[in-house]
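Structure first, commentary second.
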Amino acid sequence: MKERLLGKNPEELKQIALQLGLPAFTGKQIAQWLYVKRAKSIEEMTNLSKLGRERLSQSYEVGLSSPIDVQTSKDGTRKYLFPVNGESANAVEAVMIPDGERKTLCVSSQAGCKMGCKFCMTGRQGFHGNLDAADILSQFFAIEEAGQLTNTVFMGMGEPLDNWEQVKRVIEVLTADWGLAWSPKRITLSTIGVLPKLKQFLDESRCHLAVSLHNPFPEERAEMMPVQKAWSITEIVRLIKQYDFSGQRRVSFEYTVFEGWNNSPRHAAELIRLLKHLECRVNLIRFHKIPDFPYGTAPEKAMEAFKTLLEEGGLTATIRASRGEDIFAACGLLAGKHAAEHSQK
Ligand code: SF4
């Protein structure tokens, strides 16, 4: 199997060029073809010598995967299905969400997920492997809106900090001058809190952070999110408070509201206490009912009432609009429909 070039930085590409007996500057040329001109094949890299292209093609390929399916929601959201490592058995999804001038891409970082959150369809699917940088970058480069994306969120399938090395590579491609030259402000990474990697993310990038909180009480959070037993939300918030979020960098907390589980005044009070002295936002998310799950969707009124309690306690809170529900592209639903279809085959 050929090694994939997509995801490698100019220095790594230079080393490959030198190993193949090509001039060192070929590394920079390849990076330009990959990230600026978005070449789909080595054959397209016409300012490389013919011999250079031949040598490169013997052991390498670009590694760009094309989507195998696309669905469009009535609200304009589009969900793309991508093969992983060229195989469609464990396909992953990327969701493009248009909003006025903005086009945000929600990307997947793993096929399935190890974390097992009980309310999440991806978690129920189990873990089928990490995506490499080429698989993640394909979600950006091979969709129809590739040249128009304004923002991205690592919020699709999988826990991005459980695949930090590859996600970090992708962030480097997105933000480096030799890559897409995006500001880190255009990128948000969402995590349930893999503590050691979270520290690396905070130290090694300047991207925004979103933390899946869902319940401020450790024992209750552990009922739904097994990760709580390894890395408590208390520890996570303590770590985050050591960083500066008063300037350009932002932190938000995702809080899916389950009727009767996490939306009482007691929960609001504890959330206010937990996040005290932290410049942040709480995003309240409407839960999409899934099969065999004890809690339901909170009515709009209950969502509003919980939001008001948080605001009265000094927190900034928003109710996040749900997008792409009709194509199962909303939070926590990714791969649910696909997995169900797959199991019927
Ligand atoms: Fe994994 Fe996120 Fe789903 Fe939890 S909510 S199982 S971390 S994809």
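With respect to the conditions (1) away from the ligand (no atom under 11 Å from the Cβ); (2) within 27 Å of G247 (Cα to Cα); (3) crowded, with 16+ Cβ neighbours inside 10 Å, Q166 falls short on a single one, namely (2).
Scan region 19-39 for residues that are in contact with a helix residue (DSSP H, G or I) (Cβ under 6 Å, 6 or more places away or on another chain), without any contact (Cβ under 8 Å) to a residue 40 or more places away in the chain and either among the charged types (D, E, K, R) or loosely packed, with under 12 Cβ neighbours inside 10 Å (or both) and the total you get is 1. Could you tell me whether region 20-36 includes any residue that is under 23 Å from E144 (Cα atoms), within 28 Å of the chain's Cα centre (by Cα), at pLDDT 95 or above and assigned to a loop (DSSP other than H, G, I, E, B)? Looking for residues that are under 23 Å from E144 (Cα atoms), within 28 Å of the chain's Cα centre (by Cα), at pLDDT 95 or above and assigned to a loop (DSSP other than H, G, I, E, B), one finds at least one in region 20-36, hence yes.
So how many residues does region 182-224 have that are in a loop (DSSP other than H, G, I, E, B), within 16 Å of the ligand (Cβ to nearest atom) and basic (K, R)? Even if it seems obvious, please write down each step before you answer.
If we filter region 182-224 for residues that are in a loop (DSSP other than H, G, I, E, B), which is where we start, we get 182-183, 192-194, 205-207, 213-217.
Cutting the leftovers down to within 16 Å of the ligand (Cβ to nearest atom) gives us 192-194, 213-215.
In the following step, the residues that additionally are basic (K, R) were identified as none.
Qualifying residue count, region 182-224: 0.
If you go through region 129-151 one residue at a time, do you hit one that is within 30 Å of T297 (Cα to Cα) and within 16 Å of the ligand (Cβ to nearest atom)? Taking every residue of region 129-151 in turn, none turns out to be within 30 Å of T297 (Cα to Cα) and within 16 Å of the ligand (Cβ to nearest atom). I'd like the residue in region 196-226 that is basic (K, R) and surrounded by fewer than 18 Cβ atoms within 10 Å (Cβ to Cβ) and, out of all such residues, is farthest from W182 (Cα to Cα). Once the filter is applied, the top-ranked residue is K199. So A181 fits all but one of (1) of a type in the set (A, V, I, L, M); (2) in contact with a His (Cβ under 9 Å, 6 or more places away or on another chain); (3) open to solvent by 20 Å² or more (accessible area, probe 1.4 Å); what number is the exception? Result: A181 fails condition (2) only.
When F127 is tested against (1) open to solvent by less than 60 Å² (accessible area, probe 1.4 Å); (2) of a type in the set (F, W, Y); (3) within 24 Å of Q166 (Cβ to Cβ), exactly one condition is not met: (1). For residues that are open to solvent by less than 60 Å² (accessible area, probe 1.4 Å), part of a loop (DSSP other than H, G, I, E, B) and polar (S, T, N, Q), tally how many sit in region 44-80. The qualifying residues number 3.
Could you run through region 227-238 and say how many residues are open to solvent by 20 Å² or more (accessible area, probe 1.4 Å) and either touching a helix residue (DSSP H, G or I) at 6+ places or on another chain (Cβ under 9 Å) or not in a helix (DSSP H, G or I) (or both)?
Going residue by residue through region 227-238, those that are open to solvent by 20 Å² or more (accessible area, probe 1.4 Å) are 229-232, 234-235, 238.
Subset that is either touching a helix residue (DSSP H, G or I) at 6+ places or on another chain (Cβ under 9 Å) or not in a helix (DSSP H, G or I) (or both): 229-232, 234-235.
Within region 227-238, residues that are open to solvent by 20 Å² or more (accessible area, probe 1.4 Å) and either touching a helix residue (DSSP H, G or I) at 6+ places or on another chain (Cβ under 9 Å) or not in a helix (DSSP H, G or I) (or both) number 6.
Close contacts from region 137-165, counting a first residue that is in the same structural domain as R78 (by TED's automatic domain parsing) and free of Cβ contacts under 8 Å to residues at least 60 places away in the same chain and a second that is assigned to a strand (DSSP E or B) and aromatic (F, W, Y), with Cβ to Cβ under 8 Å and a gap of 6+ residues or different chains, come to Q139/Y80; Q139/F82; P160/F154. Quick one: in region 271-286, which of the residues that are within 28 Å of the chain's Cα centre (by Cα) and farther than 24 Å from R323 by Cα is most open to solvent (accessible area, probe 1.4 Å)? For region 271-286, the residue satisfying everything is H277.
If you go through region 102-123 and keep only what is open to solvent by 10 Å² or more (accessible area, probe 1.4 Å), more than 8 Å from the ligand (Cβ to nearest atom) and not in a loop (DSSP other than H, G, I, E, B), you end up with R102, K103, T104, C106.
The values are calculated or read from the model by the stated rules, or taken from the named source; none is laboratory data. Just so it is clear, the model here is predicted, and its values are computed rather than measured. Positions of Cβ are backbone-derived with ideal geometry, glycine not excepted, and every protein chain shown enters the neighbour counts. Please note that ligands, DNA and RNA were not included when accessible areas were found on the heavy atoms of the full protein model with its side chains. Shrake-Rupley method; radii C 1.70, N 1.55, O 1.52, S 1.80 Å.
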